[in-house]
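Derivation of every value follows stated rules applied to the coordinates shown; laboratory data play no part. Here the structure is a predicted model, which is why all the values come from computation and not from measurement. Positions of Cβ are generated from backbone atoms using ideal geometry, with glycine treated the same way; all protein chains shown enter the neighbour counts.
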């Protein structure tokens with residue numbers, strides 16, 4: 001017990017040497033043979049020719065298409081995301097639960113505020129310029145910046161579950177964007 005690990009020199013407590021038990025290399029991928037260690041005919045997976053031989057493994061999906069086995073517009077592919085609400089062709093996925101999109105009710109409430117203020121840059125330039133050029137430096141006080149604060153509240157209700165999400169309004173166009181997303185979700189619910 002000389003080091004920080006009391007059993008570091010106890011051979012009964014050490015884990016077995018894993019390099020003797022497992023061949024080096026990548027682990028096997030589900031639906032494909034093990035990476036060639038004693039497997040005859042290892043190479044590129046055979047997806048087969050249509051109508052001949054084995055096809056791709058069911059449930060493995062198409063590369064780059066989202067969830068396994070789901071193509072664009074399928075039940076598992078996200079079509080629109082509104083805050084922490086995700087809509088697929090057939091379901092709404094929220095932290096409160098997953099439920100069918102048919103018959104859902106959507107509402108949007110704009111709780112943001114856009115104001116126009118004198119720019120901080122304009123104030124600093126006016127103060128620095130006042131020392132050099134009195135009257136002209138006051139024109140820097142006409143510099144304005146628009147600032148949007150608050151959030152947009154989206155509520156979805158359906159099949160006994162209600163979920164509310166608050167999305168920060170980062171600019172004046174945020175309400176337009178969120179409203180369009182909710183309108184698309186409403187069209188999915190009506191279809």
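Full-extension gain between residue 108 and residue 136, please, as 0.36 nm times their residue separation minus the C-alpha to C-alpha distance.
Additional length available on full extension: 5.5 nm.
For an R0 of 35 angstrom, estimate the FRET efficiency from the Cβ-Cβ distance between residue 118 and residue 89 and round to the nearest 0.05.
For residue 118 and residue 89, the calculated efficiency is 0.10.
For the stretch 165-191 and the stretch 87-160, what is the separation of their Cα centres, given in Å?
Rounded to whole Å, the Cα centres lie 14 Å apart.
Mind checking the full-extension length gain between residue 183 and residue 149? Use 0.36 nm per residue of separation minus the Cα-Cα distance, one decimal, nm.
9.9 nm
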